[in-house]
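These notes are about the structure you will find just below.
The values are calculated or read from the model by the stated rules, or taken from the named source; none is laboratory data. These figures come from a predicted structure and were not determined experimentally. All Cβ positions, glycine included, derive from the backbone under ideal geometry; neighbour counts span all protein chains shown. With ligands, DNA and RNA removed, areas are computed over all heavy atoms of the protein, side chains included. Shrake-Rupley method; radii C 1.70, N 1.55, O 1.52, S 1.80 Å.
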Amino acid sequence: MVDLGPPGARGGVWQPAAVAIRPAGGDDVESISALVERAYSRWVPLIGLRPAPMDADYAALVDEGDVFVLAEPEVVGVLVLRPTDAGALMVENVAVEPDRQGAGLGPRLLEFAERQAAEREVRELRLYTHERMTENIERYERLGWTEYDRLVEQGFARGFMRKQVSALPA
């Protein structure tokens, strides 16, 4: 389990309201895949495609590491992080169980991503979303993310966003 406690706190378990963020394991793959399918399915009619996270190989991603789940104890959120060639940490996927959306779990996962970046001495987080997912773009902007590019990539019209990460206090 990973600590999301106060700045400078390390180790232990972060458990507000009996919710823990922990590294995903092989036993979580089925739950992750099902959650992602439910979380992203509402976007298919809007963008005319299955969002890329719906078709990701979660068994391989979990084996590679950098996949985290928010569990209570069942999986209600997932976060996939990947280092970039540019020295940033990419949030490849952040998803929350549809009936738990709006409860602040997505921002908790993104705060966790910031802490992961800071602990790795990475100063920038990045993410992308489909440009038609305007409510997601607005949500990320409210959380301090800024858009820096738009382009079509693998058939998806993506908006790319970034957020600067502060160093952990010594």
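On alpha carbon coordinates alone, what is the Rg over Rh value for the chain, Rh being the Kirkwood radius?
Details: Rg = 15.3 Å, Rh = 16.4 Å.
Rounded to two decimals, Rg over Rh is 0.94.
Ordering of 50-57, 39-46, 76-83 by packing is 76-83, 50-57, 39-46, highest average first (other Cβ atoms within 10 Å, averaged per residue). Estimated from the Cβ-Cβ distance and a Förster radius of 41 angstrom, the FRET efficiency linking R38 and A167 is about 0.65.
Computed from backbone phi with θ = phi - 60° and the Karplus coefficients 6.51, -1.76 and 1.60, the 3J(HN,Hα) list for region 106-112 is x, x, 4, 5, 5, 5, 4 Hz; x is used for glycine and proline.
Using the Cα centre of region 16-131 as the reference point, and only Cβ charges (+1 on K/R, -1 on D/E), how large is the resulting charge dipole? Debye, rounded to the nearest 20. Let's see the in-between values first.
On the way: 11 positive and 21 negative charges, 78 e Å.
Charge dipole of region 16-131: 380 debye, to the nearest 20.
Taking amide H atoms as placed 1.01 Å from N in the peptide plane, the amide H of M90 lies under 5 Å from those of R82, T84, R126, each 5 or more residues away in sequence or on another chain. Taking the 1.4 Å solvent-accessible surface of the chain as the whole, the part contributed by carbon and sulfur is 48%. Note on A86 and E64: with the Förster distance fixed at 30 Å, the Cβ-Cβ geometry gives a FRET efficiency of about 0.95.
Below 13 angstrom from the Cβ of D55, what's the summed charge of the other residues (Lys, Arg +1; Asp, Glu -1)?
Details: positive: R50; negative: E37, D57, E92.
Summing Lys/Arg as +1 and Asp/Glu as -1 gives -2.
Ligands, DNA and RNA are left out, and with a 1.4 angstrom probe the accessible area of the chain is 50 Å² per residue. Kindly provide the helix-only [θ] at 222 nm of the chain, computed as the sum of -39,500 (n - 2.57) over DSSP H runs of four or more divided by all residues, to the nearest 500 deg cm²/dmol? Computed ellipticity for the chain at 222 nm equals -8000 deg cm²/dmol.
Using θ = phi - 60° in the Karplus curve 6.51 cos²θ - 1.76 cosθ + 1.60, the 3J(HN,Hα) couplings for region 83-99 round to x, 9, 5, 8, x, 9, 10, 8, 7, 6, 7, 9, 9, 10, 3, x, 6 Hz; x is entered for Gly and Pro.
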